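Data block below; observations after.
The values are calculated or read from the model by the stated rules, or taken from the named source; none is laboratory data. Nothing here was measured: the structure is a model prediction, and the numbers come from that model. Glycine also receives a Cβ, built like all others from the backbone with ideal geometry; neighbour counts cover every protein chain displayed. These area figures cover heavy atoms from the full protein model, side chains too; ligands, DNA and RNA do not enter into them. Shrake-Rupley method; radii C 1.70, N 1.55, O 1.52, S 1.80 Å.
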Amino acid sequence: MVFLYKACIFDLDGTLAYTLESIAYYSNKALEMHGYPVIQLEQYKRIVGNGSAVQVRRMLETIRGSGGYTEEDALQLHATYKKLYSSDPLYLVKGYPGMDETVASLKKAGIKTAVLSNKPHEWVTAIISKIFPEGSFEVCMGQTRGIPLKPSPEGALMAAEKLGVQPRLCLYIGDTCTDMETGLAAGMDTAGVLWGFRDRAELSAGRAKYIIKQPLDILDIISGERK
(Lines give C-alpha, C1' and ligand atoms only; values in the text may rest on other atoms or scores of the structure.)
Protein backbone atom coordinates (compact mmCIF):
# COMPACT_ATOMS: atom_id res chain seq x y z
CA MET A 1 0.00 0.00 0.00
CA VAL A 2 1.25 3.50 -0.85
CA PHE A 3 0.93 6.04 1.96
CA LEU A 4 0.76 9.83 1.67
CA TYR A 5 3.39 10.26 4.39
CA LYS A 6 6.39 8.27 5.55
CA ALA A 7 6.64 9.74 9.04
CA CYS A 8 4.52 11.30 11.79
CA ILE A 9 6.03 13.84 14.18
CA PHE A 10 3.93 14.35 17.31
CA ASP A 11 3.67 17.12 19.86
CA LEU A 12 3.47 15.78 23.44
CA ASP A 13 1.24 17.89 25.72
CA GLY A 14 -2.37 17.75 24.59
CA THR A 15 -1.51 15.46 21.66
CA LEU A 16 0.13 12.27 22.88
CA ALA A 17 -0.47 12.79 26.59
CA TYR A 18 -3.04 14.49 28.82
CA THR A 19 -0.77 16.57 31.03
CA LEU A 20 -3.01 19.53 31.89
CA GLU A 21 -3.77 18.40 35.44
CA SER A 22 -0.10 17.73 36.08
CA ILE A 23 0.95 21.14 34.77
CA ALA A 24 -1.80 22.90 36.73
CA TYR A 25 -0.92 21.04 39.93
CA TYR A 26 2.75 22.00 39.88
CA SER A 27 2.00 25.51 38.62
CA ASN A 28 -0.48 26.21 41.40
CA LYS A 29 1.83 24.71 44.01
CA ALA A 30 4.58 27.05 42.82
CA LEU A 31 2.20 30.02 42.89
CA GLU A 32 1.13 29.21 46.46
CA MET A 33 4.76 28.90 47.57
CA HIS A 34 5.36 32.46 46.30
CA GLY A 35 2.20 33.85 47.87
CA TYR A 36 0.11 34.11 44.70
CA PRO A 37 -3.49 32.92 44.22
CA VAL A 38 -4.04 29.73 42.22
CA ILE A 39 -5.43 29.55 38.68
CA GLN A 40 -8.36 27.39 37.57
CA LEU A 41 -7.61 24.23 35.59
CA GLU A 42 -9.47 25.35 32.44
CA GLN A 43 -7.46 28.56 32.28
CA TYR A 44 -4.27 26.55 31.87
CA LYS A 45 -5.44 25.45 28.42
CA ARG A 46 -4.53 28.94 27.22
CA ILE A 47 -1.51 29.35 29.46
CA VAL A 48 0.51 26.27 28.46
CA GLY A 49 2.60 26.10 25.32
CA ASN A 50 5.81 27.73 24.02
CA GLY A 51 7.86 26.34 26.92
CA SER A 52 7.69 26.71 30.69
CA ALA A 53 9.42 30.12 30.78
CA VAL A 54 6.61 31.61 28.67
CA GLN A 55 4.04 29.62 30.64
CA VAL A 56 5.18 31.16 33.93
CA ARG A 57 4.92 34.66 32.48
CA ARG A 58 1.39 33.92 31.28
CA MET A 59 0.54 32.70 34.77
CA LEU A 60 1.74 35.97 36.27
CA GLU A 61 -0.12 37.98 33.62
CA THR A 62 -3.30 36.04 34.45
CA ILE A 63 -2.95 36.95 38.12
CA ARG A 64 -1.44 40.43 37.96
CA GLY A 65 -2.01 41.65 34.42
CA SER A 66 0.54 42.69 31.84
CA GLY A 67 3.33 44.65 33.49
CA GLY A 68 2.20 43.65 36.98
CA TYR A 69 5.29 41.62 37.77
CA THR A 70 9.06 41.93 37.47
CA GLU A 71 11.55 39.79 35.58
CA GLU A 72 12.86 38.60 38.95
CA ASP A 73 9.33 37.49 39.90
CA ALA A 74 9.18 35.40 36.73
CA LEU A 75 12.64 33.89 37.21
CA GLN A 76 11.96 32.91 40.81
CA LEU A 77 8.58 31.36 40.00
CA HIS A 78 10.05 29.51 37.02
CA ALA A 79 12.83 28.04 39.15
CA THR A 80 10.33 26.80 41.72
CA TYR A 81 8.05 25.33 39.05
CA LYS A 82 10.92 23.45 37.38
CA LYS A 83 12.11 22.04 40.71
CA LEU A 84 8.60 20.84 41.60
CA TYR A 85 7.89 19.33 38.17
CA SER A 86 11.26 17.59 38.04
CA SER A 87 10.45 15.79 41.29
CA ASP A 88 7.84 13.67 39.46
CA PRO A 89 7.00 14.60 35.84
CA LEU A 90 4.65 11.58 35.64
CA TYR A 91 2.24 12.79 38.33
CA LEU A 92 -1.37 12.92 37.04
CA VAL A 93 -0.22 12.22 33.45
CA LYS A 94 -2.48 10.01 31.32
CA GLY A 95 -2.48 8.70 27.78
CA TYR A 96 -5.32 9.59 25.42
CA PRO A 97 -7.69 6.71 24.57
CA GLY A 98 -6.78 5.16 21.23
CA MET A 99 -3.41 6.87 20.90
CA ASP A 100 -1.28 3.87 21.85
CA GLU A 101 -3.18 1.70 19.34
CA THR A 102 -2.77 4.37 16.66
CA VAL A 103 1.00 4.63 17.16
CA ALA A 104 1.28 0.83 17.14
CA SER A 105 -0.67 0.69 13.86
CA LEU A 106 1.60 3.33 12.31
CA LYS A 107 4.65 1.33 13.30
CA LYS A 108 3.14 -1.85 11.91
CA ALA A 109 2.51 -0.08 8.59
CA GLY A 110 6.14 1.03 8.42
CA ILE A 111 5.46 4.70 9.21
CA LYS A 112 8.28 6.27 11.22
CA THR A 113 7.36 8.17 14.37
CA ALA A 114 8.90 10.95 16.45
CA VAL A 115 8.05 13.19 19.42
CA LEU A 116 8.92 16.89 19.50
CA SER A 117 8.09 18.92 22.60
CA ASN A 118 9.02 22.22 24.23
CA LYS A 119 9.22 20.38 27.56
CA PRO A 120 12.72 19.64 28.93
CA HIS A 121 14.07 16.51 27.28
CA GLU A 122 14.23 14.41 30.45
CA TRP A 123 10.57 15.12 31.23
CA VAL A 124 9.58 14.12 27.70
CA THR A 125 11.41 10.80 27.79
CA ALA A 126 9.99 9.99 31.24
CA ILE A 127 6.39 10.62 30.11
CA ILE A 128 6.75 8.71 26.84
CA SER A 129 8.30 5.76 28.69
CA LYS A 130 5.33 5.68 31.06
CA ILE A 131 2.46 5.68 28.58
CA PHE A 132 3.92 3.98 25.48
CA PRO A 133 5.70 0.65 24.98
CA GLU A 134 9.44 0.75 24.43
CA GLY A 135 10.34 1.45 20.82
CA SER A 136 7.11 3.26 19.96
CA PHE A 137 9.09 6.27 18.67
CA GLU A 138 12.36 6.27 16.75
CA VAL A 139 13.10 9.85 17.82
CA CYS A 140 12.14 11.61 21.04
CA MET A 141 13.15 15.27 21.38
CA GLY A 142 12.46 17.68 24.20
CA GLN A 143 13.92 21.09 24.99
CA THR A 144 17.63 20.85 24.28
CA ARG A 145 20.36 23.47 24.54
CA GLY A 146 21.18 24.98 21.16
CA ILE A 147 17.84 24.10 19.54
CA PRO A 148 15.20 26.89 19.53
CA LEU A 149 11.78 26.05 20.91
CA LYS A 150 8.74 25.69 18.67
CA PRO A 151 7.46 27.45 16.60
CA SER A 152 11.01 27.47 15.24
CA PRO A 153 11.14 24.70 12.61
CA GLU A 154 14.65 23.61 13.61
CA GLY A 155 13.53 20.84 15.96
CA ALA A 156 11.04 19.45 13.43
CA LEU A 157 13.65 19.52 10.68
CA MET A 158 16.16 17.78 12.93
CA ALA A 159 13.59 15.10 13.78
CA ALA A 160 12.91 14.53 10.08
CA GLU A 161 16.64 14.26 9.41
CA LYS A 162 17.06 11.72 12.20
CA LEU A 163 14.17 9.70 10.78
CA GLY A 164 15.70 9.87 7.32
CA VAL A 165 12.50 11.29 5.82
CA GLN A 166 12.10 14.43 3.70
CA PRO A 167 10.04 17.13 5.47
CA ARG A 168 7.37 17.11 2.72
CA LEU A 169 6.72 13.44 3.53
CA CYS A 170 6.26 14.13 7.26
CA LEU A 171 2.91 14.82 8.92
CA TYR A 172 3.27 17.13 11.92
CA ILE A 173 0.56 16.53 14.55
CA GLY A 174 -0.27 18.88 17.43
CA ASP A 175 -3.00 20.69 19.32
CA THR A 176 -2.01 24.37 19.15
CA CYS A 177 -1.33 27.14 16.68
CA THR A 178 2.31 26.92 17.73
CA ASP A 179 2.38 23.34 16.43
CA MET A 180 0.75 24.31 13.16
CA GLU A 181 3.25 27.16 12.69
CA THR A 182 6.11 24.75 13.43
CA GLY A 183 5.00 22.20 10.86
CA LEU A 184 4.33 24.79 8.17
CA ALA A 185 7.68 26.49 8.72
CA ALA A 186 9.37 23.10 8.35
CA GLY A 187 7.61 22.41 5.05
CA MET A 188 5.37 19.72 6.52
CA ASP A 189 1.63 19.13 6.29
CA THR A 190 -0.08 19.58 9.65
CA ALA A 191 -2.90 17.88 11.54
CA GLY A 192 -4.56 19.70 14.41
CA VAL A 193 -6.17 17.56 17.11
CA LEU A 194 -9.37 18.50 18.91
CA TRP A 195 -8.78 16.36 22.00
CA GLY A 196 -6.00 18.68 23.18
CA PHE A 197 -5.84 22.07 24.89
CA ARG A 198 -7.06 24.40 22.11
CA ASP A 199 -10.08 24.58 19.80
CA ARG A 200 -10.96 24.29 16.11
CA ALA A 201 -10.85 28.07 15.60
CA GLU A 202 -7.20 28.26 16.68
CA LEU A 203 -6.21 25.26 14.57
CA SER A 204 -7.97 26.72 11.55
CA ALA A 205 -6.27 30.06 12.12
CA GLY A 206 -2.99 28.15 12.21
CA ARG A 207 -3.79 26.77 8.73
CA ALA A 208 -3.95 23.12 9.75
CA LYS A 209 -4.31 20.95 6.64
CA TYR A 210 -6.37 18.46 8.63
CA ILE A 211 -8.40 18.83 11.83
CA ILE A 212 -9.19 15.54 13.56
CA LYS A 213 -11.42 14.39 16.42
CA GLN A 214 -9.79 11.12 17.46
CA PRO A 215 -6.34 9.47 17.21
CA LEU A 216 -7.48 6.81 14.75
CA ASP A 217 -8.22 9.59 12.22
CA ILE A 218 -4.44 9.80 11.74
CA LEU A 219 -4.50 6.41 10.04
CA ASP A 220 -7.10 7.69 7.55
CA ILE A 221 -4.87 10.68 6.75
CA ILE A 222 -1.84 8.49 6.19
CA SER A 223 -3.75 6.13 3.91
CA GLY A 224 -5.27 8.98 1.91
CA GLU A 225 -8.84 8.23 2.98
CA ARG A 226 -9.12 11.54 4.83
CA LYS A 227 -9.06 14.56 2.52
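In order along region 144-151, the phi-based Karplus estimate (6.51 cos²θ - 1.76 cosθ + 1.60, θ = phi - 60°) of 3J(HN,Hα) comes to 9, 4, x, 10, x, 5, 4, x Hz; Gly and Pro are listed as x.
In a reduced charge model with +1 at each Lys and Arg Cβ and -1 at each Asp and Glu Cβ, region 94-217 shows a dipole moment near 40 debye about its Cα centre. For ARG226, list long-range residues whose amide hydrogen, built 1.01 Å from N in the peptide plane, is under 5 Å from its own amide hydrogen. Correct list: ILE221. Placing +1 on the Cβ of every Lys and Arg and -1 on the Cβ of every Asp and Glu, with nothing else charged, gives the chain a dipole about its Cα centre of roughly 300 debye. Computed from phi, the 3J(HN,Hα) profile of region 41-48 under the Karplus parametrisation 6.51, -1.76, 1.60 (θ = phi - 60°) reads 3, 4, 5, 5, 4, 9, 8, 6 Hz, with x in place of Gly and Pro.
Return the calculated 222 nm mean residue ellipticity for the chain, to the nearest 500 deg cm²/dmol, obtained by summing -39500 (n - 2.57) across DSSP H runs with n ≥ 4 and dividing by the residue count.
Numbers: 10 runs with 101 residues, N = 227.
It lands at -13000 deg cm²/dmol.
Projecting the Cα atoms of ILE9, MET33, THR80 onto the charge dipole of region 1-87, computed from C-beta unit charges around the Cα centre, puts ILE9 farthest toward the positive end.
Can you tally the net charge around ALA205? Count Lys and Arg as +1, Asp and Glu as -1, for every other residue whose Cβ sits under 11 Å from the Cβ of ALA205. List each step's numbers first, then the result.
Numbers: positive: ARG198, ARG200, ARG207; negative: GLU181, ASP199, GLU202.
So the surrounding residues net to 0.
When you filter the trypsin sites (Lys or Arg not before Pro) in region 138-169 for DSSP loop state and at most 16 other Cβ atoms inside 10 Å of their Cβ, you are left with ARG145.
Each DSSP beta bridge with both residues in the chain is either parallel or antiparallel, and the antiparallel ones are about 10%.
Suppose all protein chains stay in the model; what accessible area per residue would a 1.4 Å probe give for region 1-129, in Å²? It would help to have the intermediate numbers written out before the result.
Numbers: 5800 Å² over 129 residues.
Here the residues of region 1-129 average 45 Å² of exposed surface.
Counting only Cβ charges, +1 for Lys and Arg and -1 for Asp and Glu, the dipole size of region 38-90 around its Cα centre is about 140 debye. With θ taken as phi - 60° and the Karplus curve 6.51 cos²θ - 1.76 cosθ + 1.60 applied, the whole-hertz 3J(HN,Hα) list for region 207-218 is 6, 4, 5, 10, 10, 10, 9, 8, x, 5, 4, 4 Hz, x standing for glycine and proline. Counting protein heavy atoms only, region 75-200 has 53 percent of its accessible area on carbon and sulfur, 1.4 angstrom probe.
Taking every alpha-carbon pair in the chain and binning the separations at 5 Å intervals from zero gives 1, 7, 15, 19, 20, 16, 10, 6, 3, 1, 0, 0 percent.
Residues with beta-carbon under 14 Å from that of SER27, excluding SER27: net charge, scoring Lys, Arg +1 and Asp, Glu -1?
Numbers: positive: LYS29, LYS45, ARG46, ARG57, ARG58, LYS82, LYS83, LYS119; negative: ASP13, GLU21, GLU32, GLU42, GLU61.
Net local charge, SER27 excluded: +3.
Result for the chain in a Gaussian network model with C-alpha springs under 10 Å: among GLY35, GLY51, GLY142, the largest mean-square fluctuation is at GLY35.
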